[in-house]
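All remarks here apply to the structure that follows.
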Amino acid sequence: MVSFYPGPSQVYKEIPAYVNKAWETGIISENHRSKNFMKLYKSTVRLLQKRLEIPEDYSVIFVSSATECWEIIAQSLISKNSFHFYNGAFGEKWYKYTRKIQPLAIGYRFGEDVVLQPRNIDLSGTEAGVICITQNETSNGTQVSNEQISAFQSLYPDSLIAVDATSSMAGIHLDFSVADVWYASVQKCFGLPAGMGVLIVSPKAMAQALRIGENDHYNSLLFMQENASKWQTHYTPNILDIYLLKETLSNAKGIRKTNKRLAKRLQSLTTLIYGRDDWEFLCTNDQVRSTTVITVKGSVKKVKNLKEAARKNGIILGNGYGPYADSTFRIANFPATTRSDWKLLKDFLKSHL
Ligand SMILES: *Cc1c(COP(=O)(O)O)cnc(C)c1O
């Protein structure tokens, strides 16, 4: 079976070999304060910075999940106000989790076909605080561009910008310099086994954490950074996942090349979908359609039949999410998908859509 589920998604085919290598090197039996672990942490961060083009002065911290990042941001970086721009289930969840910790959080919902335009939104009169954007909305297959995020940065230079890139980081080129906090979990675009998140923090956000001075939790950002600055973690981390991340990154191409490959794949599916009367993208605006989570809409009956036929052909299509559970299917367009698996999918869709 080849899975196109957008998370947990199909892991890299090389994972078994890398797990074996990890076992042979002994790193997965080592203490997370050991020299060997610190070396692994450091080289993994350096590789991440190089492959994904993360600025060198941004911290990279390993956490348990993207969900944990919602909590970390609410605890350690929001002093009072936060603004959540969302058009789908994950962005909304982020807003709702934040509100439990920071009751002044404000949610702003926009349409799935809408290009988010900060110029049209007035945040004045409220101290702008932290602006929260879900870059790639996994539930409906939409995305926010680097340029849109950058427009927020120019309009609100005193605010922090936090970005959920859980299902796009490592797949598309993100301009990390246009925001202060970025995070993802490894079971999506990174093509790794579930159980770890990556949190990326700018010096400006670290300065904000210092000003707020929140240090009441095991996952307070200040405490995490204190450990990260020694190439250690604030808790016993998923050492195996860190090792697998390092191995997959050392064999990966630079992010711009990967982005091009995924964009080409999306393009070929776009041509196919546009040529079919019974199917359309959930997001009809190609300016904001996600590159990495392709969401296709059809009648409930056709979606059901297609998913069944796919299974018979060795293909697992992702279910729709939330309100779109039955009327859409989703395809993870992630880098771990091999050329032959993608061909299998395309041939299947060509003959069944
Ligand atoms: C999957 C997902 C999350 C949650 O990730 P976990 O690793 O399960 O915590 C958050 N945001 C988005 C956009 C996601 O796709």
| request: Count neighbours as other Cβ atoms within 10 Å of each site's Cβ, and list the trypsin sites (Lys or Arg not before Pro) in segment 253-299 that are DSSP loop with at most 15 such neighbours. | output: K253, R276
| note | Phi angles of segment 233-250, converted by Karplus (6.51 cos²θ - 1.76 cosθ + 1.60, θ = phi - 60°) into ³J(HN,Hα) in whole Hz with x for Gly and Pro, give 10, 7, 8, 5, x, 7, 4, 4, 5, 4, 4, 5, 4, 4, 5, 5, 5, 5
| Stretch gain in nm, segment L210-K42, where the contour uses 0.36 nm per residue and the Cα spacing is subtracted | 58.1 nm
| If we restrict to alpha carbons, what Rg and Dmax does segment 177-272 come to, in Å? | 17.0, 53
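Subtract the Cα-Cα distance of Y108 and S154 from 0.36 nm times their separation in residues, and report this length gain in nm to one decimal.
Working: separation 46, 0.36 × 46 = 16.56 nm, distance 1.93 nm.
Answer, rounded to one decimal: 14.6 nm.
If R₀ is 22 angstrom, what is the calculated FRET efficiency for the pair D347 and K260, using the beta carbon separation as r and rounding to 0.05? Write down the numbers at each step before the final one.
On the way: r = 22 Å, r/R0 = 1.02.
For R0 = 22 Å, the calculated efficiency reads 0.45.
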| Virtual spin-label span in nm between A194 and S229, 7 Å along Cα→Cβ | 3.5 nm
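Please give the contour-minus-distance gain from Q267 to K80: 0.36 nm per residue of separation, less the Cα-Cα distance, rounded to one decimal in nm.
Details: separation 187, 0.36 × 187 = 67.32 nm, distance 4.25 nm.
Residue separation times 0.36 nm, minus the Cα-Cα distance, leaves 63.1 nm.
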| said: Apply the Karplus curve 6.51 cos²θ - 1.76 cosθ + 1.60, θ = phi - 60°, to the phi angles in segment 337-348 and return the couplings in whole Hz, x for Gly and Pro. | reply: 5, 7, 4, 6, 5, 5, 5, 4, 4, 5, 4, 4
| remark: Expressed as a whole-number percentage, the relative contact order of segment 15-250 with C-alpha contacts under 8 angstrom and at least six residues apart is 27 percent
| Taking all pairs of distinct alpha-carbon atoms in segment 3-65, Kirkwood radius in angstrom | 14.1 Å
| remark: Evaluated at 37 °C and 0.692 mPa s, the Stokes-Einstein D of segment 15-250 based on the Kirkwood radius over Cα pairs, in µm²/s, stands at 181 µm²/s
| note | For K188, counting only lysines whose alpha-carbon sits under 19 Å away and dropping same-chain residues fewer than eight positions off, the answer is K13, K93, K246, K253, K257, K260
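Whenever you get a sec, line up L353, L317, L210 from highest to lowest accessible area (probe 1.4 Å, protein heavy atoms). Could the numbers behind the result be given before it?
Working: L353 30, L317 10, L210 125 Å².
My answer, sorted largest first, is L210, L353, L317.
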| message | Could you compute how fast segment 129-235 diffuses translationally, taking Rh as the Kirkwood radius over C-alpha pairs and applying Stokes-Einstein at 4 °C with viscosity 1.567 mPa s? Give it in µm² per second. | response | 87 µm²/s
| said: In Å², and per residue, what accessible area does the chain have when probed at 1.4 Å with the other protein chains present? | reply: 43 Å²
| field | In Å, descending, principal axis extents of the Cα set of segment 40-89 | value | 35, 24, 21
| task | Enter the Cα centre distance for the pair segment 221-290 and segment 53-79, rounded to the nearest angstrom. | result | 17 Å
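The values are calculated or read from the model by the stated rules, or taken from the named source; none is laboratory data. A quick note: this is a predicted structure, and the numbers were derived from the prediction, not measured. FYI the Cβ positions are ideal-geometry reconstructions off the backbone, even for glycines, and counts take in every protein chain you see. Please note that ligands, DNA and RNA were not included when accessible areas were found on the heavy atoms of the full protein model with its side chains. Shrake-Rupley method; radii C 1.70, N 1.55, O 1.52, S 1.80 Å.
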